[in-house]
Amino acid sequence: MRSEAAAVPVPLAARRRFKWNSSLVIGGAIVLLMVFAAVFAPLLTPYDPIKLDIRGRFQAPSTIHWFGTDQYGRDVFTRVLYGARYDLLIAVLAVALAAGVGTPLGMLAGYFRGWTDVVIMRVMDLLLAFPNILLAMTLAAVLGPSLNNAILAVAIVGIAGYARIAYGATMAASTEVYVEAARALGAPHHRLLLTAILPAILAPIVIRGTLGMGFTILLAAGLGFIGLGAQPPTPEWGAMINEGRNQVILGRWWTSVFPGLAIVSLVTGFNLLGDGLRDALDPRTR
Amino acid sequence: MIPYVLRRLVAVAVLVVGISLVTFALVRMVPGDPVALYYGGMPVSADIEQALRRQWGLDQPLPVQYLRYLGGVLRGNLGVSLATGRPILDDLVRRFPATVELTLAGVLLALVVGLPLGVLAALHRNGPVDHLLRIGSLVSLGMPNFWLGLVLIFVFGYQLGWFPPAEGRLAAGVPIPGRVTGFYTVDSLLAGNLVAFRSALAQMMAPAITVAMGLVAVVIRMLRAGMLEELGKDYVRTGRSKGLTPRAVYYKHALRNAIIPTITVVSIQIGYLLGGNVLVEAVFAWPGVGLYYINAINALDYNAVIGATLLIAVVFALINLGVDILNAFIDPRIHYA
C-alpha cells in the first residue's frame, strides 16, 4: 500500500487518499451557510443591526421579526446574521494566529531537538498548565476588554495545542527516508523544514485547526458573555447572549436563545467538518 | 512505583514555579501604574509614591521582584483584594467548597447518566440509539455552558417552575448550616436540618445539570469506544463460548476494563471544569471561586483575578498528579520506567 502510494505523483495520491463522508458534507454545508449569512447579511434582512427603535422593543418572534426584537428594538434575526461576521472572523483570525505561531515552534523543537526542544516545549507545557478558558479570560482581562484583545487572548491559549501536534509530527517525519535523502543531498535546514517536513505535517494541523474553530468560537463567546470580548452594540453572539440575559429571567427568551442557537450550529458545523476531514485525510482511521 | 511518584512530585513542583512565573508576568502586564491604580487615579505626593514603591518592592529589579512574589505565593500570600479588602487567599479558601460541591455534583450526574448510555451505545453499535446518542453528544459539545444555564433557568425555572430562582446555594431565608465540610448538602444533613438540605439540593439542580451537560458527551464517547474495544477482545469470545450470559460478559468483564480510561478522562476533566465553571457560577450567582473571579474582573481587581487564576492552576496540577498516581496504582500493566 505504502510503496504504491509513493510511486504515484503527489496530487494523484492526495486525491486517491481523500474520501468524502457524511460528516464532511453536513459540517461543510453548515459552515458554508454561516459564511453565506455573514457575507450577504445586508441583502438577507431589511433591518439595521445597530440602530435603536425604542418603540419597537421586546417584540416576540413573529412573521415581521422572525427572532423578535431586543430591549433596544433591534431585530434579533438581523443581529444574529451580522453576528456571524464577528464570530467567524474571531475564529479564523485566532486559529490562524495560534497555528501560525504554534506550528513553527513545534517544528523547530521537533527538528532541532536538544535545548531548542526543551525550552520551547516546556514553555508550551506552562500554557497547558492553566485550564484554557481561565487563561483566556485572565489574559483578556489584563489586556483590557476589546474584540482585538479577545482574539489575541484566545489565540495565545491555542498556541500550545498546535505546537504539540507539529512537534510530534515533525519528529515522525524527520525519520522518513525522503527527508533523510534530502538531508544527504545537502538541503539546508530551512529547505528541509519548509519543503520536506511542512507538507507532511499539514494534514494533522489542518484537522486540528478545523476542530479548533469550534472551540475558539465557544471561548470567544464566553469572553463576549462576561464583557471581555466584543463590546456592545457589536452584534457578537456571546455579547448578545449577555445583553439578553436579564430578559430571559423575565420570560423574553428570544434575545439570548437565538444567538446561542447560532453558536451551537456553527460550532457543531466546525466539529463535524473537523471529524469529517480527519476521516478523509487520515488513512489510519479508515 | 515510589520513584515514579517522587518524579511526578518534582515535576509538579517545577510546574507550580512555572505557573507562578506566568502569573507574575500577568501581574506586570496589568495596564497602568500600580500606585495610580491603588489611589484610583487621584494625585499622590511624590513622597508617598516613593514610600509605596519601596514598600511594594517596585524599586527592585524584576528578578528580585519575582523572587519576592514567589516567596509570598509559597507562604500563601496572594495579596489583598481591592474589592473586599481581605487577603485574597482567605476569600478563595472560603469560597472553594461551593465550587467543589457544584463540580462534584455535576460530575456525579454526568457519570450516572453517561455510563449507562455509553454501554447502550456500544451494545447497539450503529443502531438508531447509537446514532441518536451520537447526534445528542455532538450538539451538547457545541453548546456554550453559560447559554445552556440561561435556557435551563428559562424553561425549568420560569416556564415550568421546577427549579427555584438562581440566587445562590440556598433559597432566601434559609439559614446556612454550621460549617463542617463547607458542602451545604452534607453540612445540612450532618446538622439534621432537612429544610436546608432540600433547599441546597434544589438550588444545585440547574447548575449541576449545566456542568454535567458538557461532560456527559465525553463520558458516552469514551465508554462507547472503550466497550467496543473490549468487546472485540479474545476474553469476551472465550467467556461467551464457555457459556456465560452476554450480561455477565458485558457487565462483569468488559465494562470493568472499559471504565478505567473513562474515569481517568473524567478526573482530568474535573480540573478543566474548575476553570470552565466560572461562567456557570456567573449565570447562577453561585458563590464559588468562579463568581469571585468574575466579580474581580468587573471590579478591575487584578490581584484577585490573577490570584484566583494561580489557585485554580495549582489545583489543576494537583488533580492531574493525583490521577496519574491513582492510575499507576489501579493498573498494574502500566510500567513507569
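Remark: the stretch B:98-288 carries a charge dipole of roughly 820 debye about the Cα centre, counting +1 on each Lys and Arg Cβ and -1 on each Asp and Glu Cβ. Here the Gaussian network model covers chain A, with springs between Cα atoms less than 10 Å apart; of A:56, A:229, A:28, A:56 fluctuates the most. Excluding ligands, DNA and RNA, the accessible surface per residue across the stretch A:129-265 is 35 Å² with a 1.4 Å probe.
FRET efficiency for the residue A:89 to residue A:113 pair, using the beta carbon distance and R₀ = 60 Å, is estimated at 0.95.
When chain B is treated as a Gaussian network with alpha carbon springs shorter than 10 Å, the biggest mean-square fluctuation among B:182, B:106, B:136 belongs to B:136.
Note on residue B:235 and residue B:38: the model spin-label points, each 7 Å out from Cα along the C-beta direction, lie 6.4 nm apart. Straight-line reach only, C-alpha to C-alpha below 13 angstrom: list the aspartates and glutamates that residue A:51 could link to, leaving out same-chain residues fewer than 8 apart. Within reach: A:70, A:75. How would the protein assembly as shown be classified by its alpha-carbon gyration tensor: rounded, prolate or oblate, with rounded meaning a/c under 1.5 and the a/b versus b/c comparison settling the rest? The shape class here is rounded. Remark on the stretch B:98-288: hydrodynamic radius 18.2 angstrom, per the Kirkwood mean of 1/r across alpha carbon pairs.
Among A:66-79, B:187-200, the peptide with the highest mean count of other Cβ atoms within 10 Å heads the list, and the full ranking is A:66-79, B:187-200.
Charges were assigned to the Cβ only: +1 to each Lys and Arg, -1 to each Asp and Glu. The resulting dipole of chain B about its Cα centre is roughly 1280 debye. Once R0 is set to 56 Å, what does the formula 1/(1 + (r/R0)^6) return for the Cβ-Cβ distance between residue B:54 and residue A:51, expressed as a FRET efficiency to the nearest 0.05? About 0.55, to the nearest 0.05. Entry note, the stretch B:98-288: relative contact order of 35 percent, from Cα contacts under 8 Å with a spacing of 6+ residues.
Secondary-structure-derived ellipticity at 222 nm for the protein assembly as shown, considering helices only, amounts to -24000 deg cm²/dmol, per-run term -39500 (n - 2.57) for DSSP H runs with n ≥ 4. Overall, the accessible surface of chain B at a probe of 1.4 angstrom is composed of carbon and sulfur to the extent of 66 percent. Panel note: contact residues of the stretch B:123-142 (accessible area lowered by at least 10 Å² against the chain on its own; 1.4 Å probe) correspond to B:138, B:139, B:141, B:142.
With chain B treated as a Gaussian network of Cα nodes joined by springs under 10 Å, which of B:135, B:306, B:270 yields the largest mean-square fluctuation? Residue with maximal mean-square fluctuation among B:135, B:306, B:270: B:135. With a 1.4 angstrom probe, the accessible area lost at the B-A interface totals about 3400 Å².
For the peptide A:120-133, the mean number of other protein chain Cβ atoms found within 10 angstrom of a residue's Cβ is 5. Placing unit charges on the Cβ atoms only, positive for Lys and Arg and negative for Asp and Glu, gives chain A a dipole magnitude near 360 debye about its Cα centre. Computed from the Cβ-Cβ distance with R0 of 30 Å, the FRET efficiency linking residue B:257 to residue A:21 stands at 0.50.
Once you reduce the stretch B:83-122 and the stretch A:90-165 to the center of their Cα atoms, the two points are 27 Å from each other. Taking 0.36 nm per residue of sequence separation and removing the Cα-Cα distance, the residue B:7/residue B:171 pair yields an extension gain of 54.3 nm. Separation of the stretch A:197-273 from the stretch B:286-315 is 23 Å, based on Cα centroids.
The ellipsoid that matches the Cα gyration tensor of the stretch A:2-285 has semi-axes, each √(5λ) in whole angstrom, of 43, 22, 13, with the longest given first.
The values are calculated or read from the model by the stated rules, or taken from the named source; none is laboratory data. What you are looking at is a predicted structure, and each value in this text was computed from that prediction instead of being measured. Heads up, the Cβs are rebuilt from the backbone with ideal geometry, glycines too, and the neighbour counts pull from every protein chain shown. Each accessible area value is taken on the protein alone, full model and side chains, heavy atoms only, with ligands, DNA and RNA left out. Shrake-Rupley method; radii C 1.70, N 1.55, O 1.52, S 1.80 Å.
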